[in-house]
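Reviewing the structure listed below.
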Amino acid sequence: MQQDYDLIIVGGGLAGNCLALKLANSPLKIAIIEANTKEQLQSAPSGDRALALAAGTVQMLEALNAWQGISHAATAIKHIHISDRGHFGKTRLSAEKEQVDALGYVITARELETHISQLVDQAGIDVISPARVVGLMSGDNQIHVSLKRDNENLNLSAKLLVGADGGYSSVRQLLDIAQQSVDYGQTAIVTTVNLTVPHNNTAFERFTSSGPLALLPLNKNQSAVVWTRTTEDAEALMLGNEADFLAELQNCFGFKLGAFSLAAPRRAFPLSLIRAEKMLADRAVIIGNAVHQLHPVAGQGFNLGLRDVVSLADNLITQTELNADIGDKAFLNAYAKSRNSDHDKTIGFTDTVVKVFSNEWLALALFRNIGLTLLDHIPSVKHLLTRHAMGLADMSPVSLKNVDE
């Protein structure tokens, strides 16, 4: 039976567009379905957030030919300074000591999303937007997708459907995939501040009893703020005036970067750990935030999602070269199994950091500060932590070669 497409991707954000871009030169006929218009995507508050791109993520973007045209808008992280407010422990990581140009890069989500979207348009991939998925039905050889576009009903079919439509994924819901959720009782406040002391390409991670505070370098005299507070504290800080907000932020961070002034609106995002109970259904797979939403403490959400994308794309290319069915159940099960270990480790690490460092129990505070101090003086352990921060801990030279091909 004739399909309209080989692959339908639901979600025209970073995950969905990167997957389409990775597959653009394959024989697969691809369509992207996006619920929002380009204008709505451009103006979304989530575009204000800063993305900390691990070095391994940048390598994957280079392999997509996506980094070369946007690198000028990114700021290199050459140093990472980790501290625990009110305690003695601290650790410093350095690109120079790791003999790399940068430990990672910082870029606003909007700049990266816009650039990737433009590359998808240039690749000639079909984008159906704005359109909502309202029904799914899978058969032996294809999956049927029912869409609503304005007042028009559309019906499409494909060998495989990929849900890359974010944390509130309609695909996940239509596939009846349950998810586990842990409410951290915290909210992330995101903004940008002007500095009176240059950051020297340093990313600061300062742990406090109410949650971590990250300042990420954006340009010479600005840093992106990702400030985690209890839900109640965050509500008060968002309702307060600009002067009170800055005074509290300055009190929390100190004056290492001089006096702050606001350079962008304040945005608030409630924080939970959300993980789908499975990645697959018949002729369908979900990726990125549709599968996992992480606390921003370690900046691993997009990095983990892009690894999903690259792994799935590589497997789809291999399956296509073998002239095999890309919706085959055994094939999709093998992909899901290959991603579980990375998901378990990254989610487990992030969740542990949140629980250990958002706690003022005296014994735990002493333990973590001794750990930070020892870490700062044991080169081999610091090297391993740095590799994890760079997203390279599990990448051998062979696997890096494969990513770049």
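Here are LEU19, LEU23: which of them is more than 27 Å from ALA188 (Cα to Cα), crowded, with 21+ Cβ neighbours inside 10 Å, hydrophobic (A, V, I, L, M, F, W, C) and under 17 Å from the mean Cα position of the chain (by Cα)?
Unique residue meeting the criteria: LEU19.
Against the condition acidic (Asp, Glu) and under 27 Å from LYS329 (Cα atoms), how does GLU277 come out, does it pass?
Numbers: acidic (Asp, Glu): yes; under 27 Å from LYS329 (Cα atoms): yes.
So GLU277 passes the test.
Out of the residues in the stretch 333-349 that are surrounded by 16 or more Cβ atoms within 10 Å (Cβ to Cβ) and either touching a residue at least 60 places away in the same chain (Cβ under 8 Å) or among the aromatic types (Phe, Trp, Tyr) (or both), state the one that is nearest to ASN25 (Cα to Cα). Among them, the one singled out is TYR335.
At least 1 residues that are among the basic types (Lys, Arg), free of Cβ contacts under 8 Å to residues at least 40 places away in the same chain and within 16 Å of SER261 (Cβ to Cβ) in each: list the strands (runs of 3 or more DSSP E) lying fully within the stretch 194-244 that qualify. Write out each step before concluding.
Values: elements: 202-208, 211-219, 222-230.
So the answer is none; nothing clears 1.
Annotation note: Cβ proximity below 6 Å between a residue of the stretch 40-66 that is within 23 Å of THR191 (Cα to Cα) and a residue that is surrounded by fewer than 19 Cβ atoms within 10 Å (Cβ to Cβ) and among the aliphatic types (A, V, I, L, M) (sequence gap 6+ or interchain) occurs for GLY47/ALA109; ARG49/ALA109; LEU51/ALA109. Does the stretch 293-305 contain at least one residue that is touching a residue at least 60 places away in the same chain (Cβ under 8 Å), hydrophobic (A, V, I, L, M, F, W, C), touching a helix residue (DSSP H, G or I) at 6+ places or on another chain (Cβ under 9 Å) and over 26 Å from TYR335 (Cα atoms)? Yes, the stretch 293-305 contains a residue that is touching a residue at least 60 places away in the same chain (Cβ under 8 Å), hydrophobic (A, V, I, L, M, F, W, C), touching a helix residue (DSSP H, G or I) at 6+ places or on another chain (Cβ under 9 Å) and over 26 Å from TYR335 (Cα atoms).
Considering ALA276, ALA281, ALA324, ALA313, the condition of being small (Gly, Ala, Ser) and closer than 24 Å to ASP183 by Cα is satisfied by ALA276 alone.
Determine if the stretch 277-289 includes at least one residue that is at pLDDT 90 or above, within 30 Å of THR228 (Cα to Cα), of a type outside the set (Val, Ile, Thr) and assigned to a helix (DSSP H, G or I). Break it down stepwise before answering.
Restricting attention to the stretch 277-289, the residues satisfying the condition of being at pLDDT 90 or above are 277-289.
Now narrow it down to the ones that are within 30 Å of THR228 (Cα to Cα): 277-279, 286-289.
Then keep just the ones that are of a type outside the set (Val, Ile, Thr); that gives 277-279, 288-289.
Filter once more, so that each one left must be assigned to a helix (DSSP H, G or I): 288-289.
Within the stretch 277-289 (the criterion being at pLDDT 90 or above, within 30 Å of THR228 (Cα to Cα), of a type outside the set (Val, Ile, Thr) and assigned to a helix (DSSP H, G or I)), the answer is yes, since at least one residue qualifies.
Pairs needed: first member in the stretch 169-193, at positive phi; second member anywhere, assigned to a strand (DSSP E or B); C-beta distance under 7 Å; at least 6 residues apart or different chains. Final answer for the pair search is GLY185/THR230.
Of all residue pairs spaced 6 or more apart or on separate chains, those with beta-carbon atoms under 7 Å, a first member in the stretch 1-20 that is over 18 Å from TYR168 (Cβ atoms) and at pLDDT below 90 and a second member that is assigned to a strand (DSSP E or B) and of a type outside the set (Val, Ile, Thr) are GLN3/SER157; GLN3/ALA158; GLN3/LYS159.
The lone criterion from (1) touching a strand residue (DSSP E or B) at 6+ places or on another chain (Cβ under 7 Å); (2) at pLDDT 85 or above left unmet by GLN122 is number (1). Total residues in the stretch 146-168 satisfying the condition of being on the phi > 0 side of the Ramachandran plot and either at pLDDT 95 or above or in a strand (DSSP E or B) (or both): the figure is 0. Right, LEU249: surrounded by 17 or more Cβ atoms within 10 Å (Cβ to Cβ), under 19 Å from PHE204 (Cβ atoms), touching a residue at least 24 places away in the same chain (Cβ under 8 Å) and of a type outside the set (Phe, Trp, Tyr) or not? Criteria met by LEU249.
Do you know which of the residues in the stretch 169-193 that are among the aliphatic types (A, V, I, L, M) and either modelled with pLDDT under 90 or outside any loop (DSSP other than H, G, I, E, B) (or both) is farthest from PRO217 (Cα to Cα)? Selected residue: LEU174.
The values are calculated or read from the model by the stated rules, or taken from the named source; none is laboratory data. The structure presented is a predicted model; accordingly, all values stated were derived computationally and were not measured. Quick reminder, even Gly has a Cβ in these numbers, built from the backbone with ideal geometry, and neighbours come from all protein chains shown.
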